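Read the structure below first, then the notes.
The values are calculated or read from the model by the stated rules, or taken from the named source; none is laboratory data. Owing to the predicted nature of the structure, the values given are computational and were not obtained by experimental measurement. Note that each Cβ is placed from the backbone with ideal geometry, even for glycine, and that neighbours are counted across all protein chains shown. These accessible areas exclude ligands, DNA and RNA; they are computed on the full protein's heavy atoms, side chains included. Shrake-Rupley method; radii C 1.70, N 1.55, O 1.52, S 1.80 Å.
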Amino acid sequence: RSRVVTVGTSEARLLDGDLIGTAGTGGTVGGYLYLKNVSTASTTKFINVGIIADGGTQADLQATGDVARLFTLKVGEFAFFPYDLTMDITVDATHDDQLLEYWYFDRA
């Protein structure tokens with residue numbers, strides 16, 4: 001089942017690995033994460049995706065050179081990647097009305 005959330009300009013924790021399951025050896029736990037920027041068509045509406053250590057402090061992912069930012073999704077772009085639950089996934093956006101669709105698939 002997919003879930004669509006509104007992402008704003010303030011940093012937010014999208015997924016907390018501890019709340020999904022128990023972290024362990026890479027490749028043996030966790031699952032796969034699909035993220036897609038489903039905001040209305042625009043060339044300036046970006047969603048930034050980052051990571052922080054479990055329980056860590058969220059950072060401004062829009063800042064140039066932010067080491068916590070993994071990538072940026074433009075409108076219509078998506079990412080699909082494995083997620084071992086060892087870190088938390090954070091997001092923020094260039095506008096307050098961004099829409100992010102995500103799916104988490106458990107590695108069973």
Exercise for the section: Per DSSP H run of at least 4 residues, take -39500 (n - 2.57); add these up for the chain, divide by its residues and hand me the 222 nm value, nearest 500 deg cm²/dmol. Expected result: -500 deg cm²/dmol
Completion exercise
Heavy-atom accessible area of residue 42, protein chains in place, probe 1.4 angstrom, given in Å² to nearest 10, is 40 Å²
Problem - Linear extension gain, residue 67 paired with residue 13, 0.36 nm per residue minus alpha-carbon span - result: 17.8 nm
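Evaluate the charge dipole of the chain about its Cα centre and quote only its size in Debye, nearest 20, assuming +1 on the Cβ of each Lys and Arg and -1 on the Cβ of each Asp and Glu.
Values: 8 positive and 14 negative charges, 78 e Å.
The dipole of the chain has a size of about 380 debye.
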Exercise for the section: Report the accessible area of residue 96, computed with a 1.4 Å probe over the heavy atoms of all protein chains in place, in Å² rounded to the nearest 10. Expected result: 100 Å²
Handout entry: Along each principal axis, Cα extent of the chain, largest first, Å
Key = 39, 29, 18
Handout entry: Karplus (6.51, -1.76, 1.60) ³J(HN,Hα), θ = phi - 60°, over region 77-91, in Hz, Gly and Pro reported as x
Key = 7, 9, 9, 9, 8, x, 9, 8, 6, 7, 10, 9, 9, 10, 9
Fill in the blank from the handout: The extension gain from residue 28 to residue 59, computed as 0.36 nm times the residue separation minus the Cα-Cα distance, is 8.3 nm
Handout entry: Relative contact order computed over the chain (Cα-Cα under 8 Å; 6+ residues apart), in percent
Key = 49 percent
